[in-house]
Amino acid sequence: MRFADEFRDPELAQVLGTEIATLCEPGRHYKIMEVCGGHTHTIYRYGVQDHLPEAIELVHGPGCPVCVIPMGRVDDGIAIAEQDGVILTCFGDMMRVPGGNGSFLEANARGADIRMVYSPLDALRIAKANPDRRVVFYAIGFETTAPSTALTLVRAKADGVTNFSVFCNHVTVIPAITAILDSPDLQLDAFLGPGHVSTVIGCRPYEFIASERHKPLVCSGFEPLDLLQSIYMVMKQFAEGRVEVENQYTRVVRWEGNPMALKVLEDVFSLRPHFEWRGLGSIPHSALALSSRYERFDAELSFDIPGVRVADPKACQCGEVLKGALRPWECGVFGTACTPEKPIGTCMVSSEGACAAYYNYGQYSKQRIHLEV
Amino acid sequence: MPRAMSEVEVGERIEAIRRRAPRFRDERITMAHGAGGKASRQLVEGLFLPLLANPALAELSDAGLVKAAGVRLAFTTDSFVVSPLRFPGGSIGELAVNGTVNDLAVSGARPLALSAAVILEEGLAASVLEAEVKAMAAASASCGVPVVTGDTKVVERGKCDSLYITTSGVGLLEEGVALAPDLVRPGDKVLVSGTIGDHGVAIMLARGQLDLEADVKSDTQPLWELVQALIEACGEGLHCMRDATRGGVATVLNEIALSAEVGVVIAEDRVPVRPEVLGAGEILGIDPLYVANEGKLVAFVAPELADAALEAMRSQPAGREAALIGEVRDEPPGRVLGRTTFGGHRMIDVLVGDPLPRIC
Ligand code: SF4
């Protein structure tokens, strides 16, 4: 199986791994958080950790869009879907996320019509094809997916579509990182910045992390070699006594971000005063709602929504895992009561979630395999 | 507070849970129960198996074994509910014949005869039905296995999606052929008969929900001739075979690892995948190891016969791209591990439901 070979070359990886090892100060342990779930997935999928010295521990951050959805918002989605004539659409990852009242998959088994789409434009297409139904897109994700939701709304408005709306759960990454930096049990040494989010927002918004919080951050791409190179850049900063924001993903990320995307986001969305994050609690100015210019597409206004805050199950330690305070397997229910087929917490659902990634790929990852075939 | 467990202890506890007989406790059937992953296993092993309990069923192989009057017969059945009915590389009619023929073949049985039961939706165009019956006839003629009995039912519009086909098949186990997961042992080599993931990706693309175009055809094809060549080349050195349909090669490897209590290790760079399939998978975040095939088998072969097995497969049209992808180990029992293309390692577990595309 080969693809994008230049970014997955095992020999180059070995070279980089050796270089990284020589940068480690003897006796020092480094905790580096990859903020983005895409990175978590790559790390486990390709066994990136195998190329790193023991002294470097990768800590999985809150950047898995599905993992930060609170249970109450899942219930809200189901409540919308159960109203007459509604088709609720969402990304595949959302289907198994447990709410207080089951998941979308289970709602479908009870008669709801919740369909998986690959992009919000597909949801708009479904709306146009079903003029007698009300079609709602359950929007989730960071600044990565928000622009496509925004562009879909621009299109819906231009085309005068009246049976389409968006239930908006878009969140923004900087407040989440700030919340982690503020947490008292913080033990992180550095961050790997989310590559896709950064294509939109650029690197400038991270500057305070280095200048005020004194933690290095390197914006990283998604191929396994990107991650190794970013870790190398972090270690180089430590070795040279620098604390900076650097950009490893220069083939895609501009320092200033993407002004056009930012403009559309500003036009279509407005910042919510507060938003509830799974496990992290309520974080100010951390999420997007539809702006007044798009309020007729806002499902929160046009549907009856319970909007009840559902407390996370007692056993659930997703918050600690999202903050990097606990490793997935340190949660008391990991792999026993909480498994990918019966998740208690959200981190067990998406393959980008730290718990699911570790459960599906990670156990035994420290076992070296010598296989000559 | 209980004492915090070490990573190893947590791993052991998970292993213990994995080995518990799966229980079926869901209140309703969801799509996950049909996707070939853990939920399907819970449905089959937690509901059907205990209630219908008998030794042949308990094997849970691709076909059940029946002995009568000194002969050993393999008996199997499969339902086909694919949408769309026609897709690049095949159609439901062809699939229904090949799928059942292959379940017999990988059990080591020469397919003798098939039955076909069709459920038709009121309003279905006769031309559509005729095309599928012709497809069945062509597939049946090409592998020389006749459809000797059948049944038709019509249900009201909306009660089914155009056309469902169930085929059953009976086959004769040849003298001296013994295939079973228990016969798989450490040292055995793992082979696949060709490129993986073609069928599943072809169907996903044919549904037209993705803004993706790629030239991928279903691999639906009968495997009996290939199996025959393998049996001739390896004899008793051929320990087990599975048809890598729903759930893909990864699911088959896990089934064998668990039931033989062995570890299976594969090298991902040895797994044959078409670039188009890999590309589509990358974009959708779907791993070809979990994608369905309809004409590919996985074989476990004694190490000294691996080369002969590979040669035998490659001599057949259905096995031109066969490859040796890994081997069986003592450790870790019940688990499948992969050496990644990046030179790292990962675990390859059974999926929960349908492989869900990642979003970003
Ligand atoms: S094991 Fe489950 S409950 Fe515990 S942190 Fe992970 S997802 Fe949350």
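The values are calculated or read from the model by the stated rules, or taken from the named source; none is laboratory data. If you're wondering where the values come from, they're calculated on a predicted model, not measured in any experiment. For neighbour counting, all protein chains shown are included, and Cβ atoms are generated from backbone atoms with ideal geometry for every residue, glycine included. With ligands, DNA and RNA removed, areas are computed over all heavy atoms of the protein, side chains included. Shrake-Rupley method; radii C 1.70, N 1.55, O 1.52, S 1.80 Å.
Laid out as a table, the results:
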| quantity | calculated |
| --- | --- |
| Residue in the stretch A:296-303 that is of a type outside the set (S, T, N, Q), in a helix (DSSP H, G or I), surrounded by 15 or more Cβ atoms within 10 Å (Cβ to Cβ) and within 16 Å of the ligand (Cβ to nearest atom) present | no |
| Residue tally, condition among the hydroxyl-bearing types (S, T, Y) and assigned to a loop (DSSP other than H, G, I, E, B), over the stretch B:162-217 | 3 |
| Subset tally (residues that are near the ligand (Cβ under 7 Å from one of its atoms), within 13 Å of chain B (Cβ to nearest Cβ) and either farther than 19 Å from B:E7 by Cα or among the aliphatic types (A, V, I, L, M) (or both)) for the stretch A:327-355 | 3 |
| Subset of the stretch A:97-112 (residues that are over 16 Å from A:G85 (Cα atoms) and more than 8 Å from chain B (Cβ to nearest Cβ)) | A:V97, A:P98, A:G99, A:G100, A:N101, A:G102, A:S103, A:F104 |
| Of residues in the stretch A:317-326 being part of a loop (DSSP other than H, G, I, E, B) and within 8 Å of the ligand (Cβ to nearest atom), the one most open to solvent (accessible area, probe 1.4 Å) | A:Q317 |
| Test: residue in the stretch A:294-316 that is touching a residue at least 12 places away in the same chain (Cβ under 8 Å) and within 14 Å of another protein chain (Cβ to nearest Cβ) | yes |
| Which numbered condition A:T145 misses (of (1) at pLDDT below 95; (2) farther than 19 Å from A:Y294 by Cβ) | (2) |
| Positions within the stretch A:17-31 being in contact with a helix residue (DSSP H, G or I) (Cβ under 6 Å, 6 or more places away or on another chain) and under 28 Å from A:C355 (Cα atoms), in sequence order | A:G17, A:I20 |
| Any hit, the stretch B:315-330, residues being open to solvent by less than 10 Å² (accessible area, probe 1.4 Å), assigned to a helix (DSSP H, G or I) and either among the hydrophobic types (A, V, I, L, M, F, W, C) or at pLDDT below 95 (or both) | no |
| The one condition in (1) touching a strand residue (DSSP E or B) at 6+ places or on another chain (Cβ under 9 Å); (2) open to solvent by 10 Å² or more (accessible area, probe 1.4 Å); (3) within 9 Å of chain A (Cβ to nearest Cβ) that B:I231 fails to fulfil | (3) |
| Residue list for the stretch B:331-355, filter: of a type in the set (A, V, I, L, M), within 7 Å of another protein chain (Cβ to nearest Cβ) and either assigned to a helix (DSSP H, G or I) or out of contact with any Lys or Arg (no Cβ under 6 Å at 6 or more places or on another chain) (or both) | B:L337, B:M347 |
| Residue match in the stretch A:272-288 (condition: of a type in the set (A, V, I, L, M, F, W, C), in contact (Cβ under 8 Å) with a residue 12 or more places away in the chain, within 16 Å of the ligand (Cβ to nearest atom) and open to solvent by less than 40 Å² (accessible area, probe 1.4 Å)) | yes |
| Residues that are within 15 Å of B:R246 (Cα to Cα), in a loop (DSSP other than H, G, I, E, B) and either modelled with pLDDT of 85 or more or at the interface with chain A (Cβ under 9 Å from one of its Cβ atoms) (or both), drawn from the stretch B:1-40 | B:G37 |
| Within the stretch B:112-158, considering residues that are part of a loop (DSSP other than H, G, I, E, B) and among the charged types (D, E, K, R), the one farthest from B:L85 (Cα to Cα) | B:E156 |
| Candidates B:L43, B:L95, B:L47 - the one that is of a type in the set (A, V, I, L, M, F, W, C), open to solvent by 60 Å² or more (accessible area, probe 1.4 Å) and part of a helix (DSSP H, G or I) | B:L47 |
| Criterion: touching a Lys or Arg at 6+ places or on another chain (Cβ under 8 Å), open to solvent by less than 50 Å² (accessible area, probe 1.4 Å) and touching a residue at least 12 places away in the same chain (Cβ under 8 Å) - qualifying residue of B:L120, B:L114 | B:L120 |
| For A:E82: the one exception among (1) charged (D, E, K, R); (2) more than 14 Å from chain B (Cβ to nearest Cβ); (3) touching a residue at least 60 places away in the same chain (Cβ under 8 Å) | (3) |
| Residue within the stretch B:290-309 that is at pLDDT 90 or above, under 30 Å from A:F142 (Cα atoms) and either open to solvent by 20 Å² or more (accessible area, probe 1.4 Å) or assigned by TED's automatic domain parsing to the domain that holds B:P186 (or both) present | yes |
| Qualifying residue in the stretch A:307-316 (condition: more than 16 Å from A:V74 (Cα to Cα), within 13 Å of the ligand (Cβ to nearest atom) and surrounded by 24 or more Cβ atoms within 10 Å (Cβ to Cβ)) | yes |
| The stretch A:74-90: number of residues that are under 24 Å from the mean Cα position of the chain (by Cα) and either open to solvent by 10 Å² or more (accessible area, probe 1.4 Å) or not assigned by TED's automatic domain parsing to the domain that holds A:V166 (or both) | 1 |
